[in-house]
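Here is the structure we will look at, set down as structure tokens.
Since every read-out is calculated from the coordinates, none of them should be taken as a lab result. Since the model is a prediction, treat every value here as computed from it, not as a measurement. A quick note on method: Cβ atoms are made from the backbone with ideal geometry, for glycine too, and the neighbour counts reach across all protein chains shown.
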Amino acid sequence: MIPTALTALLSHWRRNRLQFFAMIAGLALATALWSGVQAINAEARASYDAAAATLGEGQFDQLLPRTGETIDQSTYIALRRAGWQVSPVIEGRLRTEAGSVRLVGLDPLTAPGTIAPVGMQDDSNLDDFLTRGVLFAAPDVAKALEGTVSQRVIVDPSIAPGVALSDIGVAQTLLSAEGTLSRLIIAQSQPIGLPSLADVAPSLVRQPAQDTGANRLTDSFHLNLTAFGLLSFAVGIFIVHGTISLAFEQRRSMVRTLRALGVPLNVLIGLMISELVVFALLAGAIGVALGYVIAAVLLPNVAATLQGLYGASVAGTLQLRSEWWLSGTAIAVLGTGFAAAGALWKLAKMPILASARPGAWAVASGETAWRLGALAALLFVVGGAIAIWGRGLTLAFALLACLLIGAALILPLLLRGAVGFANQRARTAMWQWFWADTRQQVPGLSLALMALLLATAANVGVSTMVSSFRVTFVDFLDQRLAPELFIRVEDEAQSLEVEAILLTEAREILPLLSTETEIAGVPTDLFGVRVGPTYRENWLFLEDTPNVWDRVEDGRAVVVSEQLARRADLWTGDRLVISSNLILPIAAIVADYGNPLGQALISETAFRDLYPDLVPRSFGVRTNDPTALRDRLTAEYGLPETAITDQSRIKAFSLGVFERTFTVTGALNILTLAVAAFAILMSLLTLASIRVPQLAPVWALGLTRRKLGQLELIRAVVLAMVTTLLAIPLGLMLAWVLLSYVNVEAFGWKLPIYLFPGHYALLTLFALLAAALAALWPAIRLARTPPSDLLKVFANDR
Amino acid sequence: MVLTVKDVTKSFPAADGDVPVLRGVSLSLERGETLALTGESGSGKSTLLHLIGGLDRVDSGSITVGGREITTMNDTDRAALRRSDVGVIFQQFNLIPSLTVEANIAFQARLAGAFDADQAARLSKALGLTEHLNKYPEALSGGQQQRVAIARTLTARPKLVLADEPTGNLDEATSSEVLGQMLRLVRETGAALLIVTHSQSVARRMSRHVNLSQGHVV
């Protein structure tokens, strides 16, 4: 019985190949977008994990030099002799022909157990590491090192991207830094009764292990990507839901016949579930493969974005990872289950003698639209409540979900209203029929149009967010990068020398005095600034009090970044404890986009009083002729080229990062919109098969097949236009939530929203074009329907 | 006795309370016997047929098919009964549109695990379907589709054939021809036939005739 019943069920797909294709393709596309994003996230996380595992980043407390960049090896020896369980690390850039590589030297004998490349757990490799001076590196780095180092390079994919590992002695030699170290890793268990750090090594400062700000930022970036992937998946699931519902509806008569012929209901449901699981696995496998391609194409741009925005290294090439492969397959099965649950439930409850009339799916009553509308209203109320009272990233995403799902659910009601309005104004019989028929088609096309609504709104929302970010960031760069040149110095002597030179050569000097400290419980960069025309003319405040710069210059006030203000909940007028003997009122809040740390600005004098040993490590220089000054500094004063960076290069680099971000979001936007267009195409094609009985009478009454085809095309474009016009305000609301809620919760800063009407107009045009292209084929097919097929509708013997 | 129906009642819910459709119907059918069930629209003919086929449940009374009481059977057992002992021919043919004519004919017998290729070939030939075996139902006329439905039922060799207006959708000449073929083949397989019909000419060709009126046998 089971094989026979299964043959009958499967024969439906064999005879309705387009429907089968729509289901598999819809599910595969949905899975592809989801698993593509997951692949990118998995790759990035693996890179962070590799960095943490091989370099100890974020895992262990560390000792860093209080001033300067290096620790003398004798300090390390003193600590070891005093009983401190510390392990030395040296880091530096090694130039190769393919660019520079971050070389990290470790001491495997003292390093905590979890810090080691996988390959080194093999004793023979450890032996090589210690005695023969081998290097470990990921494949691309190993290739870059060929010919640069004389040591053997062992390829180990588990090493963090862009990094080579070696024994500390080898690294010191390669970096020409014998006798110096960069940092010391503190083992988690230490002997009791250790002498204090201040006694043994007063030049070092202990940095506790913590989740770095970069981790939080990259997490937010991945969360945003995941949300985008989920949205794309939802769009794909609309297609699958539509196809499965239609297929089940068309198989009602078969189900009734099978049951009448003796196939028990539970067997039928079991067979249908098995059938769907097999399809889901098949589509899931295709989707995961497609997702791999999407991820492989996008990953280099994502890696560049993460590196540029947050300084996180991510491998630019993709590896097959079981977690996203499994996650892709699982989401395909779950998505199919979700899409089919309603149809299976209806089947389970369908009486054996129920009507087998196909097409009931497409002729759902207006009552359903009102019910969905009521549900949407409820979601909007919940969303409104979250917007007013909700706090936290999860609730911010819940607000997004309420907004998007609510908008999708209310769409059929709005479309019915719009079509009804048009119907009232129709003057000729043909247009009256057209609008009445369109109203009847709305339920059948609803799912595809919901997909279009979500895809277009996501496009508007995400591009508004990214573009607003770009506009804001460019303004921000103009403020912060006002100096034409930036000069980096190596040590105190050079710092004093450069400042002396600049006093005669530059229009204005901005020494950048800074130190990393903790203010109001927030890790903060404290700056000492020389207040001059540059600060006064260029810096814009988010919130300020009168005479900000005068008060800062006199040491009577401090300026803080938005991140510090939000995290410490201290605003203008509040007093900020900078140190035990320096408490200043906050005079202004400034934006500081892209920085995970807080920022506080005090006068140069106040800073030097607090940190008399610190000298400026870099200078901003105002000049009327940056090229000439640059040439003079290098030619006459012997400053190396690499120590001078001009403003335009930094700006170009920063904007380049945004272009990369645009590439990623742009590609995802286009893919999501393409999936929505595919949803419309599939809905129209599948609906076409049950449209003939509705169109035949109109044809018989005198409308040509060509005219009917044209009207079908117009219908698709009109519905797509109404949907797109509704998607634009929805997308702007989405952007508002992203910028005003998600951004504040995730990053700690709020961004102003900018509108881009040109982009929205182009997007509307693109959506209409996509809808028209999707409708073209079904319209042509309708125009070419043989009269014999139309006549069959009237045949008595059918 | 292939079929025994005793004091069967059935009503359907309506807005103003339950509407009784069958009010204590009794009848029986022996092997090889053919019975026409006639009556005005709404007299309960199709309802009685559905109850006998185990497609619906009685409110009270008893129905036995091949000596087995079906009113106490669960859904799975009644489905098994339909696979093996009862064949139902519908007015709307109820063929599986995605299977070929040949696969449709073999379908019920295969479900019952009793497919006999010779029997299927013989019935196909007898019903004039040989040249249409590879076609799909949509390519056939109504008369041809009903022949496929008859072949499907008889290939499974059921003890009892239930036919609900099997020629209701066919013209007079086709109807007569299809009915003649069905009666001949039912006799050959030794099954009992219960046919629901409005047509007196169809009823006259059966060995017995029962008229239902307002839920009673009259």
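Tabulated values for the structure
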quantity	calculated
Cβ-derived FRET efficiency at R0 35 Å, A:Thr545 paired with A:Ala493, nearest 0.05	0.30
Amide H partners (placed H, <5 Å) of B:His216, local residues excluded	B:Arg23
Charge dipole magnitude, Cβ of K and R +1, D and E -1 - the stretch A:485-622, Cα centre, debye nearest 20	260 debye
Size of charge dipole - the stretch B:43-173 - debye, nearest 20, with Cβ of Lys, Arg +1 and Asp, Glu -1, no other charges	320 debye
Neighbouring partner chain Cβ atoms per residue of B:99-105, average, 10 Å criterion	2
Label-point separation, A:Leu393 to A:Ile2 (7 Å along Cα→Cβ), nm	4.6 nm
Burial ordering of B:Asp85, A:Asp525, A:Asp72, fewest other beta-carbon atoms within 10 Å first	A:Asp72, A:Asp525, B:Asp85
Inter-label distance for A:Asp789 and A:Asp631, nm, one decimal - labels placed 7 Å from Cα along Cα-to-Cβ	7.6 nm
Efficiency of FRET between A:Val277 and B:His209 - r from beta-carbon atoms, R0 35 angstrom, step 0.05	0.10
Amide N proximity, the stretch A:610-630 versus A:Thr642 label position 7 Å along Cα-to-Cβ, cut-off under 17 Å	A:618
Expected-Rg normalisation [2.2 N^0.38 Å, Cα atoms] applied to chain B	0.99
Highest to lowest packing among A:411-419, A:13-21, scored as the average C-beta count within 10 Å	A:411-419, A:13-21
Segment A:Glu323-A:Asp475, extension gain: residue separation times 0.36 nm, minus the distance between their alpha carbons	50.6 nm
Cα-Cα separations in the stretch A:363-424 greater than 19 Å, expressed as whole percent	40 percent
Cut-off 17 Å (backbone N to label point 7 Å along Cα→Cβ of A:Arg556), residues of the stretch A:594-633	A:602-606
Residues A:Thr645, A:Thr672, A:Thr704 arranged by fewest to most Cβ contacts within 10 Å	A:Thr704, A:Thr645, A:Thr672
Förster radius 35 Å - calculated FRET efficiency between B:Arg31 and B:Asn134, Cβ distance, rounded to 0.05	0.50
Distance between modelled label sites at A:Glu518 and A:Thr226, nm, 7 Å Cα→Cβ extension	2.8 nm
Sparse-neighbourhood loop sites, GluC sites (Glu not before Pro) in the stretch A:414-523 - DSSP loop, at most 14 other Cβ within 10 angstrom	A:Glu490
Net dipole in debye of the protein assembly as shown [+1 Lys, Arg Cβ; -1 Asp, Glu Cβ; about Cα centre; nearest 20]	6240 debye
Phi to ³J(HN,Hα) by Karplus 6.51 cos²θ - 1.76 cosθ + 1.60 over the stretch A:470-484, Hz, x for Gly, Pro	5, 4, 4, 5, 5, 4, 4, 4, 4, 5, 6, 9, 4, x, 6
Percent of beta bridges antiparallel (DSSP, the stretch A:485-622, rounded to nearest 5)	70 percent
Entries of A:Lys143/A:Lys651; A:Lys349/B:Lys135; A:Lys346/B:Lys6; A:Lys349/B:Lys10; B:Lys6/B:Lys45; A:Lys346/B:Lys135 with Cα pairs more than 26 Å apart	A:Lys143/A:Lys651; A:Lys349/B:Lys135; A:Lys346/B:Lys6; A:Lys346/B:Lys135
At 0.692 mPa s and 37 °C, Stokes D of the stretch A:485-622 from Kirkwood alpha-carbon radius, µm² per second	215 µm²/s
The stretch A:485-622, relative contact order in percent, only Cα pairs under 8 angstrom and at least six apart counted	39 percent
Which of A:Val163, B:Val19, B:Val8 has the fewest Cβ neighbours within 10 Å, and the rest in rising order	B:Val19, A:Val163, B:Val8
C-alpha long axis of helix B:75-84 to longest principal axis of chain B, angle in °	40 degrees
5 angstrom amide H check on B:Gly87, placed H, neighbours 5+ away	B:Leu160, B:Val161, B:Leu162
Which of A:Ala369, B:Val196, B:His50, positive extreme of dipole for the protein assembly as shown (C-beta unit charges)	B:Val196
Listed residues B:Ala103, A:Trp34, A:Leu399: farthest to the positive end of the dipole of the protein assembly as shown (Cβ charges)	B:Ala103
The protein assembly as shown: Rg to Rh, with Rh as the Kirkwood radius over Cα pairs	1.14
Placed amide H near A:Gly598: partners under 5 Å, 5+ positions off or other chain	A:Thr524, A:Asp525
For the protein assembly as shown, share of DSSP beta bridges that run antiparallel, in % to the nearest 5	65 percent
